[in-house]
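A quick write-up on the structure given underneath.
The values are calculated or read from the model by the stated rules, or taken from the named source; none is laboratory data. Note that the structure is a prediction, hence the values are computed from the model and not measured. All Cβ positions, even for glycine, are placed from backbone atoms using ideal geometry, and neighbour counts span all protein chains on display.
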Amino acid sequence: MPTNKRRVMFTVDPAIAADLEAIARFRGQPLSRVVAESLLKLAPVFRQTVTAQEWLERADSKAAELAARYTGDFQRKLAPAVQEIHDATRRAQEMVDAIEAGRPAKRGSNVKPNVAAGTDAKRLGPLLKPTAPRPGPKFTRPR
């Protein structure tokens with residue numbers, strides 16, 4: 001007797017198969033009917049699971065898309081600042097190299113190398129000496 005029902009083949013855990021066979025024997029029904037009824041009872045759970053999985057996959061893909069877009073935006077906005085920092089570091093290194101070499105720095109720098117060694121130390125000497133502490137009120141411990 002042909003039926004219009006689709007046939008599905010699947011593998012179940014041996015413990016579940018034993019439980020389904022025990023239920024079929026207890027009810028006196030064929031195993032196929034017990035399996036079909038069990039699947040019908042589980043159909044809403046399957047639907048919810050599939051819906052939840054689809055939702056999670058959409059959320060994951062949307063999150064990945066947003067992360068890629070915002071990372072790209074952040075990198076585009078950050079690139080000029082990073083380039084400025086690199087340029088400033090390079091210019092500072094050129095100035096330091098020029099000072100160490102005893103020649104004026106490039107690009108109109110206002111940093112001039114010392115012509116005579118110790119000139120600045122002689123001029124700044126009095127400012128670098130330690131000063132005496134300033135007089136102030138003396139506090140004594142109360143008795």
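Summary of values
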{"quantity": "Residue match in region 94-107 (condition: in a helix (DSSP H, G or I), of a type outside the set (D, E, K, R), touching a helix residue (DSSP H, G or I) at 6+ places or on another chain (Cβ under 9 Å) and modelled with pLDDT under 85)", "calculated": "no"}
{"quantity": "Tally of residues being under 17 Å from ARG6 (Cβ atoms) and either of a type in the set (Gly, Ala, Ser) or modelled with pLDDT of 90 or more (or both) across region 39-58", "calculated": "1"}
{"quantity": "LYS62 being part of a helix (DSSP H, G or I) and surrounded by fewer than 10 Cβ atoms within 10 Å (Cβ to Cβ)", "calculated": "no"}
